[in-house]
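Engineer: Sharing a structure here in C-alpha cells format.
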Amino acid sequence: AARPNASLFVEGVGFWMPTLAGWPAARAVLRGEQTASSTISARPSCALLAPTERRRAPDTVAVALEVAAEACRNARCEPGAMACVFASTHGDLAISDYMCATLAQTPTLISPTKFHNSVHNAAAGYWTIATGSSEPYTAITAYQHTFGTGWLTAATQALADAQPVLYVAYDTQAKGALATMALSQGLLGTALVLAVEESANSLA
C-alpha cells in the first residue's frame, strides 16, 4: 500500500518535437542556455521496431516510442520492464480524418493498415511489441486534461504498487474537418520514468 506523504522520483526523461529533437536539446532551451533550432527534424526512426512495423507506424507511434526509449535509457532501465501509461488527447488525428473521409466517400477502399493504426492504444501496443513487454499498460485520454490525468494515473500506480512506471504523453496535428474542433498543432512527445525510491539516477 502507498505510504502517507510518499514521494515520487523522476528517474529518466524523454522529449521530442521537430525543433527540439531529444531531452538534452529541450533541457538546454528550457534553461535558457540556447535557443530552439530553426531546423525541422525528420520524425524519429522507430529503431526499436522491426522493419515491417517501422514502415507501418504513424508519426504518433514514432514519437511515442522515441521518447519512451529515451526516458528508459536516461533511467538506465530495461525498456518494457515496467508498467506504462500512454496518454494522448486524440490519438492520431490524421488517421482519424482519413478514416472518416474514406468511410463517407469510398468505404470499400479503407486501408487495413490505417484502420490498424486508428485505435487509441496503437502506440502502447507497438511499445509492448517492440520491447517484448508483458507488463500491463494503460492508454488514457481526458481532452484538455489529458497530460495531468495521465500523470496522476502513472503516479498513483507507481505509489500503489511500489514499482517504477513509465509515463508517455504525445499528440499530433489535427487534420481536415477535425481541425475545426481539435485545436492541436505540430507533433510532440514526452516521457518520464517515475519511481518510489530515490536512486543515483534520480533527477527530481
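The values are calculated or read from the model by the stated rules, or taken from the named source; none is laboratory data. Owing to the predicted nature of the structure, the values given are computational and were not obtained by experimental measurement. Backbone-built Cβ (ideal geometry, glycine too); neighbour counts: all protein chains shown. Heavy atoms of the whole protein, side chains included, go into the accessibility calculation; ligands, DNA and RNA do not. Shrake-Rupley method; radii C 1.70, N 1.55, O 1.52, S 1.80 Å.
Engineer: From the Cα gyration tensor of segment 46-117, with a ≥ b ≥ c the square roots of its eigenvalues, which class applies: rounded if a/c is under 1.5, or else prolate if a/b is larger than b/c, or else oblate? Don't skip to the end; give the middle numbers.
Structural biologist: Details: a/c = 3.51, a/b = 2.25, b/c = 1.56.
Verdict is prolate for segment 46-117.
Engineer: Would you work out what percent of the accessible area of the chain, with all protein chains in place, is carbon or sulfur (probe 1.4 Å)?
Structural biologist: Roughly 56 percent, rounded to a whole number.
Engineer: Note down the Stokes-Einstein diffusion coefficient of the chain in µm²/s, whole number, using a Kirkwood radius over alpha carbon pairs, 10 °C, and 1.306 mPa s.
Structural biologist: Values: Rh = 17.6 Å.
It comes out at roughly 90 µm²/s.
Engineer: Report the semi-axes of the equivalent ellipsoid for segment 117-195 in whole Å, largest first, where each axis is √(5λ) for an eigenvalue λ of the Cα gyration tensor. Intermediate results must be reported in sequence, preceding the final value.
Structural biologist: Working: eigenvalues 128, 49, 19 Å².
Its equivalent ellipsoid spans semi-axes of 25, 16, 10 Å.
Engineer: Now for a separate question. Per-residue HN-Hα couplings for segment 129-136, Karplus 6.51 cos²θ - 1.76 cosθ + 1.60 at θ = phi - 60°, whole Hz, x for Gly and Pro?
Structural biologist: Calculated HN-Hα couplings, in order: 5, 5, 9, x, 7, 10, 6, x Hz.
Engineer: Treating the beta-carbon of each Lys and Arg as +1 and of each Asp and Glu as -1, no other charges, what is the dipole magnitude of segment 1-111 about its Cα centre, to the nearest 20 debye? Numbers along the way, then the final one.
Structural biologist: On the way: 9 positive and 9 negative charges, 40 e Å.
Here the size comes out at about 200 debye.
Engineer: Okay, next question. Expressed as a whole number of Å, what is the distance separating the alpha-carbon centroids of segment 170-204 and segment 63-77?
Structural biologist: The distance from the Cα centre of segment 63-77 to that of segment 170-204 comes to 13 Å.
Engineer: Distance from the Cα centre of segment 1-51 to that of segment 124-164, in angstrom?
Structural biologist: Using only Cα atoms, the two centres lie 17 Å from each other.
Engineer: Net charge within 11 Å of Tyr98 by Cβ-Cβ distance, Lys/Arg positive one each and Asp/Glu negative one each, not counting Tyr98 itself?
Structural biologist: On the way: positive: Lys114, Lys175; negative: Asp92, Asp97.
Result for the local shell: 0.
Engineer: Now a separate question. Just add up the charged neighbours of Val63: K/R +1, D/E -1, any other residue whose Cβ is under 11 Å from the Cβ of Val63. Mind dumping the intermediate values first?
Structural biologist: Numbers: positive: Arg43; negative: Asp59, Glu66, Glu70, Asp92, Asp171.
Residues close to Val63 contribute a combined charge of -4.
Engineer: Local charge sum around Lys175 (other residues, Cβ-Cβ under 12 Å, Lys/Arg +1, Asp/Glu -1)? Could you put the intermediate results ahead of the total?
Structural biologist: Values: positive: none; negative: Asp59, Asp92, Asp97.
Neighbourhood net charge equals -3.
Engineer: Rounded to the nearest 20 debye, what is the charge dipole size of the chain about its Cα centre when +1 sits on each Lys and Arg Cβ and -1 on each Asp and Glu Cβ? Show your work: numbers first, answer last.
Structural biologist: Details: 11 positive and 14 negative charges, 78 e Å.
The calculation lands at about 380 debye.
Engineer: Would you pull out the residues with amide H under 5 Å of Ile140's amide H, same chain only if 5 or more places away, H placed 1.01 Å from N?
Structural biologist: Phe86, Ala87, Ser88
Engineer: Restricting the count to DSSP beta bridges whose residues both fall in the chain, what percent are antiparallel, rounded to a multiple of 5? Working shown, then result.
Structural biologist: Working: 16 of 25 bridges.
Counting DSSP beta bridges with both partners in the chain, the antiparallel share is about 65 percent.
Engineer: Rank these residues by their accessible area, most exposed first, probe 1.4 Å: Met82, Met181.
Structural biologist: On the way: Met82 15, Met181 145 Å².
Result, largest first: Met181, Met82.
Engineer: Roughly how much of Thr153 is accessible, in Å² to the nearest 10, using a 1.4 Å probe?
Structural biologist: 40 Å²
Engineer: Quick check on packing: order 161-171, 28-38, 54-64 by the mean number of other C-beta atoms within 10 Å, highest mean leading.
Structural biologist: Values: 161-171: 23.9, 28-38: 10.5, 54-64: 22.0.
So the peptides 161-171, 28-38, 54-64, ranked by packing, come out 161-171, 54-64, 28-38.
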